[in-house]
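Written out below as structure tokens is the structure these notes cover.
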Amino acid sequence: MNSKKVNVADTKGANANEVVTVGKTRMNVVDLLINNGIVILILIMVLWVGITKDNFFSMSNFNNISINVACRFIIAVGVSGCLITKGTDLSAGRAVGLSACIAGTLLQRADYSGRFELTQNFPELNVWLILLVCIAICCVFGLINGVVVSYLSVPAFIGTLGMQMIIYGINLVYTKSVPLGGYRTDYTVIANGKLFGLLPYLFIIAIVIGVFMWFIYNYTRHGKYMYAIGGNEAAAEVAGVNVKRTKIIIYVSAAALYAIAGFLLGAKSGGAGVNTGSGYELEAIAACTIGGVSVNGGIGRVSGIVIGVLVFELLKTCLQFLGIDPNYQYIAQGIVIVVAIALDIRKYIAKK
């Protein structure tokens, strides 16, 4: 009778491989949970609030969230291009406010008693023409940002921080800190109207812009250059990428998106002031990071930005439904921003 011999060394090796495999699987699961911890916690919060509070899972709340997400998504998409190339844009919020104020001063009703002094004698101009004016003015500041960052080699954090203060100062001088209101109906309907009485126009505009930017990021030469610069700027330049021109295009296009967002935000709010858009750049950076756009460059998708903006807006909505004091809400949002950046850096270090 033949007996089959078993190699003890092979058995031990197989067991060791199984242990290593199980260990790696556990580590991957733990990493997945940690890296997506913010999203998981906020989704749990959404379920809890939806179960315990009336009208959270309702069409009216969905419309409110979608409208709020729309403007913030447009801003976040603009910021994302800067982040992907290892830059940032801290002037985003103030550019949004400037656009909202310019649109507000030019689109007030002729019979409004508090009409802005400088534009009282202006003829009634087409709404879309005013949008183009807002975009053109904001793009000038985006161009300056791009030149400062690319040609003067000023760190994006410092350059755009300076631009933030410049834009705010210009807005103060222009509006004299006077609150704006009394907008024309053909302006406010852009943000507050609904297609077939169901889908808000603002939501549709955000989708169109999202699809357009998704195409730019994934199917154009500019998109490939952008990711190449974020991955390794020196290698991209050696490969023939015009790094300076690409960065300028990124900051100019970002400014154009801020202008659109500000224009829509003014229409949505029915008013504007010098503090409109304040702090929106930090929300945008946090939303991008939550959605997988790395502050270390080279990584980011438009679909991820949608998720990030939605998660951040759901956090604020949940806190409001829970009746949390607005002052504490800022603390919670600040914690989310810090944790999101910390987790992004953690993923970057782990890859190295």
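The values are calculated or read from the model by the stated rules, or taken from the named source; none is laboratory data. If you're wondering where the values come from, they're calculated on a predicted model, not measured in any experiment. When we count neighbours, we look across all protein chains shown, and the Cβ atoms used for this are built from the backbone with ideal geometry, even at glycine.
Do the conditions hold for residue 321, that is, is it touching a residue at least 12 places away in the same chain (Cβ under 8 Å), among the aromatic types (Phe, Trp, Tyr) and buried (at least 22 other Cβ atoms within 10 Å of the Cβ)? No: the conditions fail for residue 321.
Could you tell me whether segment 235-242 includes any residue that is outside any helix (DSSP H, G or I) and surrounded by 17 or more Cβ atoms within 10 Å (Cβ to Cβ)?
Looking through segment 235-242, at least one residue is outside any helix (DSSP H, G or I) and surrounded by 17 or more Cβ atoms within 10 Å (Cβ to Cβ).
On the given criteria, is residue 327 over 28 Å from residue 46 (Cβ atoms) and surrounded by fewer than 19 Cβ atoms within 10 Å (Cβ to Cβ)? Spelling it out, it is not the case that residue 327 is over 28 Å from residue 46 (Cβ atoms) and surrounded by fewer than 19 Cβ atoms within 10 Å (Cβ to Cβ).
For segment 175-186, the criterion of being small (Gly, Ala, Ser) and buried (at least 20 other Cβ atoms within 10 Å of the Cβ) is satisfied by no residue at all.
Those helices (runs of 4 or more DSSP H) of segment 1-119 in which at least 3 residues are at pLDDT 90 or above, considering only elements entirely within it, cover 59-84, 92-106. Scanning segment 311-323 for residues that are within 17 Å of residue 55 (Cβ to Cβ) and of a type in the set (Val, Ile, Thr) yields a single hit, 317.
The lone criterion from (1) surrounded by fewer than 22 Cβ atoms within 10 Å (Cβ to Cβ); (2) in a helix (DSSP H, G or I); (3) touching a residue at least 24 places away in the same chain (Cβ under 8 Å); (4) of a type in the set (Gly, Ala, Ser) left unmet by residue 332 is number (3).
The condition of being surrounded by fewer than 15 Cβ atoms within 10 Å (Cβ to Cβ) and either free of Cβ contacts under 8 Å to residues at least 40 places away in the same chain or out of contact with any Ser or Thr (no Cβ under 8 Å at 6 or more places or on another chain) (or both) holds for only one of 143, 199, that being 199. Selection over segment 79-90 of residues that are within 13 Å of the chain's Cα centre (by Cα), crowded, with 24+ Cβ neighbours inside 10 Å and within 16 Å of residue 161 (Cβ to Cβ) gives a count of 4.
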